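Structure first, then comments.
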Amino acid sequence: MFRRHLITSVLLTAVVAVFLGLVYPLVVTGIGQTVFRSQANGSFITHNGQAIGSKLIGQNFLDSKGNPDPRYFQSRPSAAGNGYDPQASGATNLGPSDPRLVGFIPGFNTLDLHGNPSADNPFANPSDPYCVPTDSSGKAVYQPSDGQQYAMNPDGTYACYSSTVPERTYAYRQLNNLGADVKVPVDAVTASASGLDPGISVANAMLQAPRVAQSRNLSVDKVVALLNANTTDPQLGFMGEKTVNVLELNLALDNLSS
């Protein structure tokens with residue numbers, strides 16, 4: 001009886017191994033390469049025969065100095081590695097009171113130079129009343145202590161951590177020549193849960209359109225037309241919101257200018 005059960009177990013293991021380890025993967029791969037070839041291979045976007053990105057993963061559009069290139073629409077911030085790193089997908093996981101996210105808000109989470117609760121923000125500067133200072137390496141100092149060294153601006157104010165929502169909002173308005181009263185879309189100043197989102201909201205894209213048009217000597221109407229052409233409807237018509245694929249839109253702009 002033991003021998004019979006052993007043979008049965010070995011045969012069953014062999015059949016399952018062949019079916020699930022060989023036949024099933026080959027069938028799924030074959031279907032993927034035949035019916036969904038682009039999606040199965042990463043949904044790459046090519047230009048002049050070279051892959052320049054994927055429809056599924058966002059990327060930065062920077063100039064030679066590492067600053068946002070005004071000629072291109074900018075993606076939402078990313079907390080995945082150094083930005084849009086598929087091997088480090090994830091969010092910041094910072095809580096709603098963490099200064100690294102919301103800044104030092106007077107009367108809420110502010111600390112003085114010694115790390116004690118404070119009614120005012122001692123690090124505030126004219127451009128950012130919620131300023132979180134940085135050390136000499138650019139890291140946020142969100143738990144000040146005695147003897148802490150801070151980075152300073154040429155005008156003597158504290159250098160602020162650039163990844164807080166207030167700092168990102170300020171930078172977004174500066175880049176897009178927006179007034180202080182213009183509301184900034186949330187996806188323009190916060191990272192997604194994956195850190196890899198390839199799209200931005202239509203509201204975000206519309207606020208960037210005049211800046212892109214001016215940088216490329218195009219009419220705003222022509223840029224908005226391209227924007228609309230690269231807008232994706234919600235899945236099944238109701239799941240989520242309309243989004244604009246930033247890479248495809250920027251590629252369309254380059255093709256228009258070439």
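Assorted remarks:
- Nearest-20 debye value, the chain charge dipole, Cβ charges on Lys, Arg, Asp, Glu: 1100 debye
- Mean projected area of the convex hull spanned by the Cα atoms of segment 82-213, taken over all viewing directions: 9.5 nm².
- Surface accessible to a 1.4 Å probe, per residue, for the residues of segment 184-258, Å²: 49 Å²
- Label-point separation in nm, Glu241 to Ser145, each point 7 Å along Cα→Cβ: 4.1 nm
- Area projected by the alpha carbon convex hull of the chain, averaged over all directions, nm²: 23.3 nm²
- Total formal charge among the other residues, if their Cβ is under 13 angstrom from that of Asn217, Lys/Arg +1 and Asp/Glu -1: +4
- Cross-link reach list, lysines versus Lys139, counting only Cα pairs under 24 Å and skipping chain neighbours closer than eight places: Lys65
- Cα radius of gyration and Dmax for segment 170-258 (Å): 13.5, 37
- Modelled this way, with points 7 Å down the Cα-to-C-beta line, the labels at Ser137 and Asp221 are 5.4 nm from one another.
- Local electrostatic count at Gly179 - Lys and Arg +1, Asp and Glu -1, tallied over other residues with Cβ under 14 Å: +2
- Full extension of the chain segment joining Leu113 with Ile31 gains 23.3 nm, where the gain is 0.36 nm per residue of separation less the Cα-Cα distance.
- Note on Met152: accessible area is roughly 100 Å² with a 1.4 Å probe, heavy atoms of protein only.
- Extension gain, Gln87 back to Ala180 (0.36 nm per residue minus Cα-Cα distance, nm): 29.8 nm
- Set of lysines near Lys183 by C-alpha distance (under 23 Å), chain-local residues within fewer than 8 positions excluded: Lys242
- Accessible carbon and sulfur surface of segment 54-213 relative to its total accessible area, %, 1.4 Å: 52 percent
- Total formal charge among the other residues, if their Cβ is under 9 angstrom from that of Val202, Lys/Arg +1 and Asp/Glu -1: 0
- Residues Asp155 and Asp63, FRET efficiency given R0 of 30 Å [Cβ-Cβ distance, rounded to 0.05]: 0.75
The values are calculated or read from the model by the stated rules, or taken from the named source; none is laboratory data. Everything numeric in this text was worked out from a predicted model, so none of it was measured. When we count neighbours, we look across all protein chains shown, and the Cβ atoms used for this are built from the backbone with ideal geometry, even at glycine. Accessible surface areas use protein heavy atoms only, side chains included; no ligands, DNA or RNA. Shrake-Rupley method; radii C 1.70, N 1.55, O 1.52, S 1.80 Å.
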